[in-house]
Amino acid sequence: MIPQQASVLFKSNYTSNNQVIINQGGTSSGKTFSILQVLFCIACQNERLVITIAGQDIPNLKAGALRDALSIYYSWPELQALVKSYNKTDRIFEFHNGTIIEFKSYDNAQDAKSGKRDYLFVNEANGVAYDVYTELALRTREKIFIDYNPNNAFWVHDSLMGRPGVQVIISDHRHNPFLSAQTKEKIEALKLEDEEQWRVYARGLTGKITGLIFNNWFVCETIPEDAKLIAAGLDFGFTNDQTGFVLVYRQNGELWIDEIIYETGLTNTDISAALIDKGIRKSIDIIADSAEPKSIEELTRLGWKITGAKKGADSVNSSIDILKRYRLNITRRSVNLRNELARYKWRTDRGGRTLNEPVDSWNHLIDPIRYVALNKLRTTNKSKRTSWLAKAPQPPKGGVDYWAVVGDWKY
Ligand SMILES: Nc1ncnc2c1ncn2[C@@H]1O[C@H](COP(=O)(O)OP(=O)(O)O)[C@@H](O)[C@H]1O
Ligand SMILES: [Mg+2]
């Protein structure tokens, strides 16, 4: 059984005789989709196998590999006929032949010692610790598939590449015939923005992405109950760009941020309906991209309390400065925001020198946070700022490159 729509990546993975098959690649080259198709084929053809798909955490799997697996499943009738059930709670496909495909994440190496399997797929492996991988690999009888975008070299490069039985397949969007021309153009357009990101995301070459803008962010499980909502931020998108909506809270002098919407194709009426659907009250302050007065007006007419961000000449950098003064706690479920933060960087020129402006892409959730910073966390007047600064707590010594504002300190 072969999927109707298979790309060259499917074939290379399906026919590989190696024990470890590394799929390094640019964004949207079809790595995850193809490996899932291969695993579904293997599952249909073999009885009583255990196939494990491991990711960094469950929200990542849900937004990525698991969602793709379900879309493959629902569009492939022959496959559906061979699947006995899909258990949504445990995230397990069970086949009539006794084979199962499970989606799992492991907190640490000890956790990864539980269970054995025949096939393993480590999805977005740069988010999975090496000791977790080694425990899983030790308990895998047949083959291991790995995929990732190579922002930086990591354990795959250090410990797997070049070893016997290990194959490396490098792919990029040009290998994916199922991607729209617009998406391809958008990926290629990175060349004008930032050559280093283009190498990684458009060509799948191992990068050395430095100059990340935010290193003061951390994953948290939930927003603390006593956190106060500062405002929501909204960035409008449509065809190629996602509409992004976040809630920004403060508690204990730290910011707590929750991603609510990240989706293309939303009209203003859709945005309103989506917000209501997510339980957002109309009474909260929303700060939106002031470049879209018409959208702001339309949402106002739909009953939302929405204002444009106070953008000025240097507002991008000043809002970044404001946000760098806080510890940013990002909820685990904010998968797209975490991805944006992990790649949000200063532009570099052709010679690799860092410029004083961020790469203007993958910021549809970061921009709305900046809007909130501009309108709600902004300095009110300069002299006040200096006097506050003179009394401000100083950053700790010893190589800490961020520091949180303690208590209610505000500049
Ligand atoms: N064989 C395929 N058939 C249909 N669509 C595909 C196929 N392969 C990839 N795609 C589409 O391309 C998108 C990007 O593929 P994906 O596997 O997520 O890329 P990567 O993991 O390399 O970033 C998928 O979301 C899907 O829409
Ligand atoms: Mg992928």
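Structure notes:
- Of Lys31/Lys191; Lys184/Lys310; Lys11/Lys191, pairs whose Cα-Cα distance is over 26 Å: Lys184/Lys310; Lys11/Lys191
- Pairwise centroid distance, computed over Cα atoms, of segment 161-240 with segment 75-139, Å: 24
- Dipole moment magnitude, nearest 20 debye, segment 8-203 about Cα centre, only Lys, Arg, Asp, Glu C-beta charged: 480
- Span-rule helices in the chain, defined as complete DSSP H runs reaching 18 Å or more along the axis (Cα) with Kyte mean at least -0.5: 31-45
- Dipole of the chain computed with +1 at Lys/Arg Cβ and -1 at Asp/Glu Cβ about the Cα centre; of Ala65, Val8, Asn215, farthest Cα towards the positive end is Asn215.
- Within segment 95-173, the proportion of Cα pairs with more than 19 Å between them is 39 percent.
- When the chain is treated as a Gaussian network with alpha carbon springs shorter than 10 Å, the biggest mean-square fluctuation among Pro164, Pro150, Pro177 belongs to Pro164.
- For Lys345, distant residues with modelled amide H under 5 Å away: Ile213, Val359
- Here segment 138-268 is treated with +1 on each Lys and Arg Cβ and -1 on each Asp and Glu Cβ, and its dipole about the Cα centre works out to around 700 debye.
- Top of Asn152, Asn126, Asn87 by mean-square fluctuation, Gaussian network on the chain, Cα under 10 Å: Asn87
- Sum of -39500 (n - 2.57) over DSSP H runs of 4+, divided by residues of the chain (222 nm, nearest 500): -9000 deg cm²/dmol
- The orientation-averaged shadow of the Cα convex hull for segment 178-262, equal to a quarter of the hull surface, comes to 7.9 nm².
- Placing unit charges on the Cβ atoms only, positive for Lys and Arg and negative for Asp and Glu, gives the chain a dipole magnitude near 820 debye about its Cα centre.
- Tyr119 sits among other residues whose Cβ lies under 9 Å from its own Cβ, and their net charge, with Lys and Arg +1 and Asp and Glu -1, is +1.
- Near Gln19: Cβ cut-off under 15 Å, other residues only, Lys/Arg at +1 and Asp/Glu at -1. The net charge is +3.
- The Rg/Rh ratio of segment 22-73, with both radii computed over alpha carbons and Rh defined as the Kirkwood radius, is 0.97.
- Calculated on C-alpha atoms, the gyration radius of the chain divided by its Kirkwood radius gives an Rg/Rh of 0.99.
- Think of segment 1-142 as a dipole: +1 on every Lys or Arg Cβ, -1 on every Asp or Glu Cβ, centred on the Cα centre; then among Leu36, Phe95, Leu138, Phe95 lies furthest on the positive end.
- Formal net charge of residues neighbouring Ala189 (Cβ-Cβ distance under 13 Å; K, R +1; D, E -1): -4
- Intensity falloff of segment 160-215 expressed as log10 I(q)/I(0), Debye formula with alpha-carbon point scatterers, at q = 0.12, 0.15, 0.18, 0.27 Å⁻¹: -0.39, -0.57, -0.74, -1.06
- For segment 8-203, the fraction of C-alpha pairs more than 23 angstrom apart is 43%.
- Restricted to Cα atoms, segment 217-391 shows a radius of gyration and a Dmax of 16.2, 50 angstrom.
The numbers here are math on the coordinates, done by the rules we state, and not lab data. Nothing here was measured: the structure is a model prediction, and the numbers come from that model. For neighbour counting, all protein chains shown are included, and Cβ atoms are generated from backbone atoms with ideal geometry for every residue, glycine included.
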